[in-house]
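The values are calculated or read from the model by the stated rules, or taken from the named source; none is laboratory data. The shown structure was predicted, so the numbers you read here are calculated from the model rather than taken from an experiment. No Cβ is skipped: glycine too gets one built from the backbone with ideal geometry, and neighbour counts run over all protein chains shown.
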Amino acid sequence: MSNYYLFQDSKKCIGCHTCTIQCKSNKNLPVGPRISQIITVGPKFVGGLPKASYIFMPCFHCQDPWCVAACPTGAMQKRVKDGIVFVESERCVGCKACITACPWGAPQWNLETGKAVKCDYCMDRIDQGLKPACVTVCTTHCLSFGKVEDATQIRRERHARAVAALDQV
Amino acid sequence: MENSVFSLCFMCSIRCPIKVLAKDGQVRWIEGNPHVPGMEGSLCPRGAAGINMLYDHERLQSPMIREGERGAGKWRKVSWDEALDYIGEKLQAIIDKHGGHSVVLGERTQLATHVSKTFLKAIKSPNHFTHDALCKGSVNTACRSLFGLTDGQVGIDYKNTKHIVLYGRNIFEAVSVKEVNNLMSALENGAKLTYIDPRVTVTATKAQRYWMIRPGTDLALNYALIHVILKERLYDAAYVDRWVHGLSELQDFVRHYTPEWAAEETGIAADEIVTLAREVSRDKPSVVFHYGYRGASYTNEIYQRRSILMLNALMGSIENKGGLFFKKGPGEAGGKAARKLVEQKFPKIDVPRFDKAGTPDLPLPDPNHGVPQILPHAILNEDPYPLKALIAFRFEPLGSIPDTSLTLKALDKLDLIVTIDINHSDIASYSDVVLPESSYLERTDCIQQANGLKPQMFLRRQAVAPRYDTREGAMILKQIGERIGIGKYFPYKNMDDLVAWQLEGTGFNMEDFNAKGFVAYGKNQIFWDRNDGLKLKSPSGKIEFKSSLLEEAGFKSFPEYEPVKRPNGSEFRLVTGRVALHTHVSTQNNPYLNEIVPENVLWINSGKAAELGIKTGDVVAVASGRGKGTIKAFATDLIHPETVFMLHGFGHQAKAATRSFNKGVSDSLLQENVMDKIGGSPALHETFVTVNPA
């Protein structure tokens with residue numbers, strides 16, 4: 001697990017794919033790889049109302065990443081200072097071992113370069129004090145990036161508002 | 001070298017404020033303008049695909065003159081001078097022989113629309129039209145019939161609303177960024193969302209109430225809602241008494257439109273209709289019955305839109321926080337608007353418009369926008385006179401005017417078709433001359449006068465030099481104008497020059513836009529006094545339920561409800577709509593957007609699909625009286641059994657746009673060219689289709 005947490009406030013997500021596209025545009029990726037992606041499940045009727053889940057899938061930046069262990073060339077790495085898992089393109093030989101190893105399909109295939117690509121939380125942007133591409137332009141600001149405790153606070157405050165006695169009057 | 005500019009997006013017509021970062025002459029990053037509330041960095045998916053558009057090699061790259069038959073795809077690349085000289089010569093000959101009014105220019109309303117209008121006024125042609133009427137002509141007329149103001153002068157205060165009712169207004173898939181965020185923030189603060197649509201959309205999944213209404217029966221629902229509101233006296237009595245003209249007439253009229261009656265027609269239970277009326281009225285006046293953006297579905301469209309606006313008036317929500325408001329111009333803040341070229345003096349025009357808007361034949365549609373779906377009829381029948389040349393400026397008649405076959409037949413009669421566009425659109429491929437326009441990232445544009453609660457001006461600024469041999473639309477028209485003797489109406493050398501001219505007398509200059517991308521005329525929101533200060537422009541000065549505009553033109557204010565035709569046997573009502581990833585017909589070939597939504601599919605109710613032996617993924621034949629096509633089916637319980645749905649804007653026929661060529665089916669190909677003759681919109685949902693396994 002990296003030191004960061006990318007939180008998706010699913011209540012505010014509208015499944016519009018702005019994140020996916022800005023991510024591709026920022027990394028100048030061709031058609032094919034989607035290193036961050038929204039998968040819509042539904043809609044289906046739940047209790048008479050149509051409901052859908054819009055699930056955001058970047059990379060989880062695991063504590064003990066399958067992809068890093070599987071990479072034979074050392075291209076796939078975990079950044080020491082903050083735990084970001086990234087691929088050093090120059091050392092990637094295109095063997096796809098990382099793609100095979102990852103249980104969640106995070107590493108993607110770039111057909112144009114013949115190499116693996118994956119979410120690195122836009123570490124070049126983070127190092128400049130910016131947020132990842134997806135978070136910066138997310139249409140509804142449902143994506144946020146930072147510390148875990150900031151994100152859990154969003155849910156707690158919303159729940160508190162929902163159950164607050166003052167709201168009932 | 002790095003540079004950053006504030007500008008305006010143009011992947012759709014919303015024109016969201018953006019910030020563009022360029023390095024060494026290449027655009028590297030686009031984000032929403034951080035200084036604009038509701039944007040704060042955000043983009044929509046089309047906006048995020050802007051760089052992808054800029055560097056797409058399948059864009060129009062240089063002027064071209066047609067070599068083979070129209071539509072054959074054989075072109076000769078030419079210099080700007082050759083293309084402009086060619087057009088100048090042809091146009092001059094047409095004007096000399098048939099008069100300037102034989103020239104028509106159609107466009108999607110844009111910042112340089114005043115330049116296009118100037119071009120036509122200078123050649124004595126009344127025939128400028130915009131795409132607007134195809135989308136919302138009847139909404140415009142409905143607003144004028146009630147307020148004396150157009151739909152463009154009305155806005156919605158989403159952020160402070162307590163309950164919003166949406167009639168197929170799919171806000172979370174249309175994605176106008178500020179609108180989405182303001183509504184989202186209202187929902188966060190506990191606002192209720194009621195969504196009414198024959199089809200489940202993303203917006204429906206965020207609603208607390210969803211009604212799968214029988215398509216085309218919204219007016220019946222509204223008559224019943226009004227019935228309950230008046231019967232139970234749920235309206236804002238003081239507001240209605242002060243501002244509404246014609247309440248007693250409405251009261252008499254809706255007496256027999258009971259919720260039980262509406263339940264039969266709409267499929268929505270009577271008690272649920274009563275509950276909604278009571279619930280919304282508890283939150284009045286901070287409530288919104290959304291009058292729609294696109295309002296072009298049924299032949300009674302104007303009355304549907306009027307009924308929604310009347311519901312707002314009954315709730316006292318017009319000119320109120322969390323309700324509707326009238327947009328304020330610079331004058332309200334003691335300022336001056338940017339100048340427009342149309343303020344010049346032009347020769348008198350003595351013929352009616354080609355669509356006869358504003359004449360006794362078609363009295364109420366707004367002549368400022370025209371009625372584009374009449375164009376095929378006007379050309380084919382030379383009614384009211386022969387039309388010889390069409391300039392399609394970022395306008396796609398083949399994908400937006402219903403009944404493409406008829407439109408094609410009409411185009412064949414023209415002597416000259418010129419397209420100004422970014423893309424290899426279908427109309428570009430069917431033109432005689434194609435003039436490539438610089439994209440929004442490559443050009444400075446005319447001032448955007450952004451009226452609203454806080455009047456402002458925005459500016460689109462060139463971020464990088466044109467990648468291909470393209471020019472700005474306002475320069476292209478000027479340069480054609482110079483070749484037909486009307487150059488004097490375009491008193492500018494370049495876009496900066498034109499913007500400087502526009503800003504003269506406003507107290508602002510171009511540099512003032514550097515800090516934030518916009519300038520504001522004042523700091524505070526301007527609401528008129530709702531007790532005594534509504535500056536309505538209707539003849540009575542009131543909200544005219546009983547409308548003098550309608551009645552003086554010979555139409556009723558309150559027409560009896562006519563039940564919608566129900567489809568027979570294997571027929572379905574064809575309904576169309578949008579998705580977040582595409583803008584009308586213009587983005588289907590964008591690599592990133594195409595990657596996620598490459599084609600449209602046909603939504604069909606799962607029960608009906610099973611009866612027809614159709615499963616999701618099957619290729620089916622869909623046919624109307626006007627056209628047919630094959631498309632993949634999506635069998636689902638998320639759509640009303642009488643309806644099939646497809647996304648608008650697919651089935652492109654321009655081969656040069658390889659990714660969108662022949663993908664899916666064009667709704668325009670299937671739709672019949674019928675319209676709401678009072679309001680002016682086409683009736684895009686009045687076509688029945690058959691669906692069969694292919």
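Determine which single condition B:ALA186 fails, assuming it passes every other condition in (1) away from chain A (no Cβ under 14 Å); (2) within 30 Å of B:HIS584 (Cβ to Cβ); (3) among the small types (Gly, Ala, Ser); (4) in contact with a helix residue (DSSP H, G or I) (Cβ under 7 Å, 6 or more places away or on another chain).
Of the numbered conditions (1) away from chain A (no Cβ under 14 Å); (2) within 30 Å of B:HIS584 (Cβ to Cβ); (3) among the small types (Gly, Ala, Ser); (4) in contact with a helix residue (DSSP H, G or I) (Cβ under 7 Å, 6 or more places away or on another chain), the odd one out for B:ALA186 is (1).
Within the stretch B:85-104, work out how many residues are loosely packed, with under 15 Cβ neighbours inside 10 Å and within 13 Å of B:PRO386 (Cα to Cα).
Total satisfying the criteria: 1.
Please pick out the residue among B:GLY649, B:GLY617, B:GLY627 that is within 25 Å of B:ASN568 (Cβ to Cβ) and of a type in the set (Gly, Ala, Ser).
Details: B:GLY649 fails: within 25 Å of B:ASN568 (Cβ to Cβ); B:GLY617 fails: within 25 Å of B:ASN568 (Cβ to Cβ).
Selected residue: B:GLY627, the only one of B:GLY649, B:GLY617, B:GLY627 that is within 25 Å of B:ASN568 (Cβ to Cβ) and of a type in the set (Gly, Ala, Ser).
Which fully enclosed helices (runs of 4 or more DSSP H) of the stretch A:60-169 have 2 or more residues being out of contact with any helix residue (DSSP H, G or I) (no Cβ under 6 Å at 6 or more places or on another chain) and surrounded by fewer than 20 Cβ atoms within 10 Å (Cβ to Cβ)? Can you show your working first?
On the way: elements: A:66-70, A:97-101, A:123-127, A:133-137, A:148-163, A:165-168.
Where helices (runs of 4 or more DSSP H) fall fully within the stretch A:60-169 and carry at least 2 residues being out of contact with any helix residue (DSSP H, G or I) (no Cβ under 6 Å at 6 or more places or on another chain) and surrounded by fewer than 20 Cβ atoms within 10 Å (Cβ to Cβ), they are A:66-70, A:97-101, A:123-127, A:148-163, A:165-168.
Counting only residues that are of a type in the set (Val, Ile, Thr) and surrounded by 22 or more Cβ atoms within 10 Å (Cβ to Cβ), which one in the stretch B:7-26 is farthest from the other protein chains (Cβ to nearest Cβ)? Step through it out loud before you land on a result.
The first filter runs over the stretch B:7-26 and keeps only residues of a type in the set (Val, Ile, Thr), leaving B:14, B:18, B:20.
Now narrow it down to the ones that are surrounded by 22 or more Cβ atoms within 10 Å (Cβ to Cβ): B:18, B:20.
Details: B:ILE18: 10, B:VAL20: 12 Å.
The qualifying residue farthest from the other protein chains (Cβ to nearest Cβ) is B:VAL20.
What are the pairs with Cβ atoms under 7 angstrom where one residue, in the stretch B:51-71, is within 14 Å of chain A (Cβ to nearest Cβ) and the other, located anywhere, is surrounded by fewer than 16 Cβ atoms within 10 Å (Cβ to Cβ) and at pLDDT below 95? Sequence gap at least six, or different chains.
none
For B:THR658, all conditions in the list (1) over 20 Å from B:THR404 (Cα atoms); (2) of a type in the set (S, T, N, Q); (3) not in a loop (DSSP other than H, G, I, E, B) hold save one; what is the number of the exception?
(3)
Is at least one residue of the stretch B:76-85 in contact (Cβ under 8 Å) with a residue 12 or more places away in the chain, part of a loop (DSSP other than H, G, I, E, B) and either within 12 Å of chain A (Cβ to nearest Cβ) or among the hydrophobic types (A, V, I, L, M, F, W, C) (or both)?
Checking the stretch B:76-85: at least one residue is in contact (Cβ under 8 Å) with a residue 12 or more places away in the chain, part of a loop (DSSP other than H, G, I, E, B) and either within 12 Å of chain A (Cβ to nearest Cβ) or among the hydrophobic types (A, V, I, L, M, F, W, C) (or both).
Have a look at B:THR201, B:THR205 and point out the one that is in contact with a strand residue (DSSP E or B) (Cβ under 9 Å, 6 or more places away or on another chain), at pLDDT 95 or above and farther than 24 Å from B:VAL139 by Cα.
Working: B:THR201 fails: farther than 24 Å from B:VAL139 by Cα.
None of the others qualify; the one that does is B:THR205.
Return the pairs, sorted by first residue and then second, in which the second residue is aliphatic (A, V, I, L, M) and assigned to a helix (DSSP H, G or I), the first residue lies in the stretch B:205-225 and is more than 25 Å from B:LEU247 (Cβ to Cβ) and in contact (Cβ under 8 Å) with a residue 12 or more places away in the chain, the beta carbons are less than 8 Å apart, and the residues are 6+ apart or on different chains.
Every condition considered, the pairs that remain are B:LYS206/B:LEU187; B:ARG209/B:LEU276; B:TYR210/B:ALA204; B:ILE213/B:LEU221.
Taking the criterion of being part of a strand (DSSP E or B) and either modelled with pLDDT of 95 or more or buried (at least 21 other Cβ atoms within 10 Å of the Cβ) (or both), would at least one residue in the stretch B:68-75 satisfy it? Please lay out each step first, then the result.
Pass one, the stretch B:68-75, residues part of a strand (DSSP E or B): B:75.
From the residues that got through so far, the ones that are either modelled with pLDDT of 95 or more or buried (at least 21 other Cβ atoms within 10 Å of the Cβ) (or both) too are B:75.
Within the stretch B:68-75 (the criterion being part of a strand (DSSP E or B) and either modelled with pLDDT of 95 or more or buried (at least 21 other Cβ atoms within 10 Å of the Cβ) (or both)), the answer is yes, since at least one residue qualifies.
Looking at the stretch A:9-49, which of the residues that are at positive phi and either at the interface with another protein chain (Cβ under 7 Å from one of its Cβ atoms) or not polar (S, T, N, Q) (or both) is surrounded by the most Cβ atoms within 10 Å (Cβ to Cβ)? Outline the logic, then answer.
First pass over the stretch A:9-49, keeping only residues at positive phi: A:15, A:17, A:28, A:32, A:42, A:47-48.
Now restrict to residues that are either at the interface with another protein chain (Cβ under 7 Å from one of its Cβ atoms) or not polar (S, T, N, Q) (or both): A:15, A:17, A:32, A:42, A:47-48.
Details: A:GLY15: 23, A:HIS17: 29, A:GLY32: 13, A:GLY42: 15, A:GLY47: 5, A:GLY48: 7.
Checking each candidate, the answer is A:HIS17.
Please enumerate the residues belonging to the stretch B:435-477 that are free of Cβ contacts under 8 Å to residues at least 60 places away in the same chain and part of a loop (DSSP other than H, G, I, E, B).
B:SER438, B:ARG443, B:THR444, B:PRO466
To keep it simple, each residue is scored yes or no on (1) more than 14 Å from chain A (Cβ to nearest Cβ); (2) without any contact (Cβ under 8 Å) to a residue 60 or more places away in the chain; (3) surrounded by fewer than 22 Cβ atoms within 10 Å (Cβ to Cβ); (4) charged (D, E, K, R).
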| position | (1), (2), (3), (4) |
| --- | --- |
| B:THR130 | yes, no, no, no |
| B:CYS135 | yes, no, no, no |
| B:LEU146 | yes, no, no, no |
| B:ASP151 | yes, no, no, yes |
| B:THR161 | yes, no, no, no |
| B:ASN181 | no, no, no, no |
| B:THR194 | no, no, yes, no |
| B:VAL202 | no, no, no, no |
| B:HIS227 | yes, yes, no, no |
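Within the stretch B:279-292, how many residues are in contact with a helix residue (DSSP H, G or I) (Cβ under 9 Å, 6 or more places away or on another chain) and farther than 19 Å from B:ALA220 by Cβ? Don't jump to the end; show me each part of the working.
As a first pass, look at the stretch B:279-292 and keep what is in contact with a helix residue (DSSP H, G or I) (Cβ under 9 Å, 6 or more places away or on another chain): B:280-281, B:284-292.
After this cut, where a residue has to be farther than 19 Å from B:ALA220 by Cβ as well, the list is B:281, B:284-288.
Within the stretch B:279-292, residues that are in contact with a helix residue (DSSP H, G or I) (Cβ under 9 Å, 6 or more places away or on another chain) and farther than 19 Å from B:ALA220 by Cβ number 6.
Take the residues of the stretch B:176-193 that are within 23 Å of the chain's Cα centre (by Cα) and of a type outside the set (A, V, I, L, M, F, W, C): which is nearest to B:LEU166 (Cα to Cα)? Break it down stepwise before answering.
Let us first name the residues in the stretch B:176-193 that are within 23 Å of the chain's Cα centre (by Cα), namely B:176-184.
Keeping just the survivors that are of a type outside the set (A, V, I, L, M, F, W, C) gives B:176, B:178-179, B:181-182.
Details: B:SER176: 15, B:LYS178: 17, B:GLU179: 13, B:ASN181: 16, B:ASN182: 15 Å.
By that ranking, first place goes to B:GLU179.
Does B:ALA338 satisfy the criteria of being surrounded by 18 or more Cβ atoms within 10 Å (Cβ to Cβ), over 30 Å from B:HIS227 (Cα atoms) and in contact (Cβ under 8 Å) with a residue 60 or more places away in the chain?
Working: surrounded by 18 or more Cβ atoms within 10 Å (Cβ to Cβ): yes; over 30 Å from B:HIS227 (Cα atoms): yes; in contact (Cβ under 8 Å) with a residue 60 or more places away in the chain: yes.
Here the answer is yes, as B:ALA338 does meet what is asked.
Given (1) surrounded by fewer than 21 Cβ atoms within 10 Å (Cβ to Cβ); (2) part of a loop (DSSP other than H, G, I, E, B); (3) facing chain A (nearest Cβ under 10 Å), where does B:PRO37 come up short, assuming only one miss?
The failed condition is (3).
Any chance you could count how many residues in the stretch B:229-271 are loosely packed, with under 15 Cβ neighbours inside 10 Å and on the phi > 0 side of the Ramachandran plot?
The total comes to 1.
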